[in-house]
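Structure record follows, encoded as structure tokens.
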Amino acid sequence: SLQRFGSSSRGSNGRSQSASRYFTGDESVPPAFGSRMKALATRWASPHPRGSGDEEADDNSTINTEDVGQIDFIRKGGDDDYVTIIASLKQQLREAENRATVLEQRLQIVKESGDSVIQSLNEELAEVAEESARSEAAMIKELSRLDAQRRAERAEFEKRIQEWIAHDANRKLEVEEYERRIESLVNTVRLMDTAREDDLVHCNSSSSVDKEAEEEMHKDLIAYFSNLSGKNSNKRGNPLVSSINDAFDLQFNANPIVGDDLIDYYRSHSELKEFTLKSELPRMDYEVLVADINAKEGRKLVTPEEIRSYFDDADIDEESELCIRCANQSLLADPLAMLTGEGTGKIIHSGSFYSTVIASSCTFKIDLRHEGERRVKIYCELAVCVPSGDDSTEETEETSATSATLELARANLIIQFGPSPTATPSGPLIKYTLSSIVPSLSSSPDDAQALQLAAAALARDRNTHIRKTDDPVPDSRRDSIRSRFLSKVKTFSQSNS
């Protein structure tokens, strides 16, 4: 056995007993430490560790050191005891190693647990940060939505305020109109009190009827002018222009039969070429583009002599021939028929207002540069007029036209015609477009007085001739309308030649 010398469990008696057990005589000096260890090693290595010369040394062996203490080796019962002791020591060593392993495992578990706790805390911190970011984003989004809602409500409120202001202005105008009517009635009553009874009755009946008719016509004329200028609509642009263009698309532009009818018409009227070159060419503006090998963009003909010399050549093809035949005001027959009628979707109200249109200017551009793409484009400015009712001006050759009519607006009409069958995927090109309507009157006192005079003149003849029709012109009548229009143009040209 291994035993610490001087252990507290033995006491002083135990120390003296062990000392007497390991000393061979009184005051004897124990053998040297090195010789005892060497003898112990020899005994372990020898197959017969108990020799004759070592009996005294084998019975009791003691190793004394000052620092380590005393380790006793006791031999009891031969080599089996040593084996038992060694096995016991090995068992103790294994147990110690097992305890060390368990401690290491526990330490590893504690370390892993600490890492898991740290990782869990980091994940919780990340989740908290992510949740905070989501909350902040949601809050920003909600604030943006509220701001947009606030802006929309503010815009709506401002719009309502403007509508209220406009409504208040209209109400003021209505009140002023009522006041004017009341004042007119009061004046009539005063006249009835001061004149003779019979004359007053007759005067009252006639003047009141004329006054009411004049006021009604004045309102209708203002509504007609507002419809032309687009002031009655809150939409962007002039709704009358859009309505007329839609009608053009439906009746003409998207109808391939119209193009074929025009081709047949101009093929059967060869006299239109002479009419264009002799009557229309000196009066209108013409521009002809022809192919030229020396110029990439072609050559432009603008003088009547150049244009007439070019078309007098007998070698021009059929497309060019049809282009010069239609390059006159005969192409205006169909769109003018579409613009004429009663209702808000028309420009020329010939029945209720005796309105007419005058072609103040027409520009014809003929492009003959490429075969299959030859076409005529017309820019026409139409003056929309009504009878002015101004009979005070002395009529002369220069002022008779201006004094007889009052110009309300000017309509700009664009016409395109291509006789080639390949001009469009569906056949010949025909396109009518009303680009704009520009009012000719303003809110000045002179223009207001001119409208009042025109309304008075129209009121006198209101019930004599009123034609109201909103039906479109039938296809069967297009050729006759075009012929009548051409006849009028020929008569007008001959009278001015």
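The values are calculated or read from the model by the stated rules, or taken from the named source; none is laboratory data. Quick caveat: nothing in here was measured; it's all calculated off a predicted structure. Don't worry about glycine lacking a Cβ; one is built from the backbone with ideal geometry, like all the others, and counts go over all protein chains shown. What goes into the accessible areas is simple: the full protein's heavy atoms, side chains included, and nothing from ligands, DNA or RNA. Shrake-Rupley method; radii C 1.70, N 1.55, O 1.52, S 1.80 Å.
Give the residue that is modelled with the lowest pLDDT, with candidates limited to residues of segment 169-204 that are open to solvent by 60 Å² or more (accessible area, probe 1.4 Å) and of a type in the set (S, T, N, Q).
Here the answer is THR194.
Return the residue satisfying two criteria in turn: it lies in segment 373-393 and is small (Gly, Ala, Ser) and modelled with pLDDT under 90, and of such residues it is surrounded by the fewest Cβ atoms within 10 Å (Cβ to Cβ). Don't jump to the end; show me each part of the working.
Start the filter on segment 373-393 by keeping residues that are small (Gly, Ala, Ser), which leaves 383, 388-389, 392.
Among the residues that remain, those that are also modelled with pLDDT under 90 are: 388-389, 392.
Numbers: SER388: 18, GLY389: 22, SER392: 7.
Top of the filtered list is SER392.
Conditions (1) closer than 26 Å to CYS323 by Cα; (2) acidic (Asp, Glu); (3) part of a strand (DSSP E or B), marked per residue:
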{"position": "GLU407", "(1), (2), (3)": "no, yes, yes"}
{"position": "ARG410", "(1), (2), (3)": "no, no, yes"}
{"position": "LEU413", "(1), (2), (3)": "yes, no, yes"}
{"position": "GLN416", "(1), (2), (3)": "yes, no, yes"}
{"position": "SER420", "(1), (2), (3)": "yes, no, no"}
{"position": "TYR432", "(1), (2), (3)": "yes, no, yes"}
{"position": "ALA450", "(1), (2), (3)": "no, no, no"}
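Which of the helices (runs of 4 or more DSSP H) contained wholly in segment 243-362 include at least 2 residues that are over 46 Å from the mean Cα position of the chain (by Cα) and of a type outside the set (S, T, N, Q)?
Values: elements: 256-267, 271-275, 304-311, 318-326, 333-339.
In segment 243-362, 256-267, 271-275, 304-311, 318-326 are the helices (runs of 4 or more DSSP H) which contain 2 or more residues that are over 46 Å from the mean Cα position of the chain (by Cα) and of a type outside the set (S, T, N, Q).
Of all residues being open to solvent by 40 Å² or more (accessible area, probe 1.4 Å) and either in contact (Cβ under 8 Å) with a residue 60 or more places away in the chain or assigned to a strand (DSSP E or B) (or both) in segment 434-447, which is nearest to TYR266 (Cα to Cα)? Just the residue, please.
Result: SER435.
Rundown of residues vs (1) within 16 Å of SER355 (Cβ to Cβ); (2) within 48 Å of the chain's Cα centre (by Cα); (3) modelled with pLDDT of 80 or more, yes/no style:
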residue: GLU395; (1), (2), (3): no, no, no
residue: GLU398; (1), (2), (3): no, no, no
residue: ALA409; (1), (2), (3): yes, yes, yes
residue: SER420; (1), (2), (3): no, yes, yes
residue: THR424; (1), (2), (3): no, yes, yes
residue: GLY427; (1), (2), (3): no, yes, yes
